[in-house]
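Engineer: Submitted below is the structure of interest, expressed as structure tokens.
The values are calculated or read from the model by the stated rules, or taken from the named source; none is laboratory data. No experiment lies behind these values; they were computed from the predicted model shown. Using ideal geometry, Cβ is built from the backbone for each residue, glycine included, and neighbour counts are taken over all protein chains shown. For the accessible areas, the whole protein counts, side chains as well, though only heavy atoms, and no ligand, DNA or RNA atoms are used. Shrake-Rupley method; radii C 1.70, N 1.55, O 1.52, S 1.80 Å.
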Amino acid sequence: VDQLLISGKGGVHHVWACDHYKTTLNADAFKQAYKKRTDLVKDAMSSVPWGDRELMVETIMAAIRQGGLFAVDVDIVPTRIAQACHVVLPAATAGEMNLTSMNGERRMRLTERYMDPPGQALPDCLIAARLANNLERVIRESGDAAYAEQFKGFDWQTEEDAFMDG
């Protein structure tokens with residue numbers, strides 16, 4: 001993925017709980033290319049009047065077609081790569097959500113929520129569900145019902161809903 005993005009390919013990068021600035025082998029070249037491409041989109045976005053959603057989408061798509069990169073980050077703490085992103089979705093972590101996890105030894109662990117997550121942070125599964133629900137709605141409204149069906153069924157309200165569905 002790093003080489004693909006460095007070479008100017010791809011239009012949207014969704015970062016989930018990872019800072020590629022720290023994890024790629026070619027971090028300096030990646031960071032330079034990433035910032036250059038995400039700045040193209042940021043600069044284009046800054047030219048759109050506030051509240052004109054349709055024009056904002058058109059502007060973002062035009063910037064992507066010119067080599068820009070639209071980036072979304074989901075994480076529990078601010079990261080370096082998040083500084084280049086256009087959307088940051090705050091995630092909850094263990095203790096801030098009911099969590100079922102498994103380690104490398106295949107031991108399952110249940111962690112009960114014991115404190116509220118900060119602000120609007122959500123568990124990853126609920127963030128994914130909201131993304132899927134919105135994609136289904138938008139794609140269905142655009143008239144592609146067959147494609148929209150692929151995003152149906154993520155009506156999870158709690159972490160347990162996601163677990164039981166899995």
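Engineer: In the range 1-34, which residue that is within 13 Å of VAL72 (Cα to Cα) and open to solvent by 70 Å² or more (accessible area, probe 1.4 Å) is nearest to the chain's Cα centre (by Cα)?
Structural biologist: Once the filter is applied, the top-ranked residue is HIS14.
Engineer: Moving to a separate point now. When you go through GLY104, GLY143 one by one, which is the residue that is on the phi > 0 side of the Ramachandran plot and open to solvent by 60 Å² or more (accessible area, probe 1.4 Å)?
Structural biologist: That would be GLY143, the only listed residue that is on the phi > 0 side of the Ramachandran plot and open to solvent by 60 Å² or more (accessible area, probe 1.4 Å).
Engineer: Something else about it: Can you list the helices (runs of 4 or more DSSP H) found entirely within the range 5-89 that contain at least 1 residues being of a type in the set (Asp, Glu) and more than 27 Å from ARG130 (Cβ to Cβ)?
Structural biologist: In the range 5-89, the matching helices (runs of 4 or more DSSP H) lie at 27-45.
Engineer: Tell me the residue from THR59, THR79 that is over 18 Å from TRP16 (Cα atoms) and open to solvent by less than 40 Å² (accessible area, probe 1.4 Å), please.
Structural biologist: THR59 is the lone residue from the list that is over 18 Å from TRP16 (Cα atoms) and open to solvent by less than 40 Å² (accessible area, probe 1.4 Å).
Engineer: Right, next: For the range 111-166, name all the residues that are assigned to a helix (DSSP H, G or I), more than 23 Å from ARG53 (Cβ to Cβ) and of a type in the set (Asp, Glu).
Structural biologist: Residues satisfying the conditions are ASP124, GLU149, GLU159, GLU160, ASP161, ASP165.
Engineer: Can I ask one more? Within the range 120-164, which residues are of a type in the set (Lys, Arg) and touching a Leu at 6+ places or on another chain (Cβ under 8 Å)? Working first, answer last.
Structural biologist: Filtering the range 120-164 for residues of a type in the set (Lys, Arg) gives 130, 137, 140, 152.
Within the range 120-164, just ARG130 meets the criteria.
Engineer: Continuing with the same structure: Kindly provide the set of residues from the range 34-49 that are within 13 Å of MET61 (Cα to Cα) and among the hydroxyl-bearing types (Ser, Thr, Tyr), ordered by number.
Structural biologist: Selection gives THR38 alone.
Engineer: Right, here's the next one. Please find, within the range 95-110, the residue that is farthest from ASP19 (Cα to Cα) out of those that are in a loop (DSSP other than H, G, I, E, B) and at pLDDT 85 or above.
Structural biologist: It comes out as ASN98.
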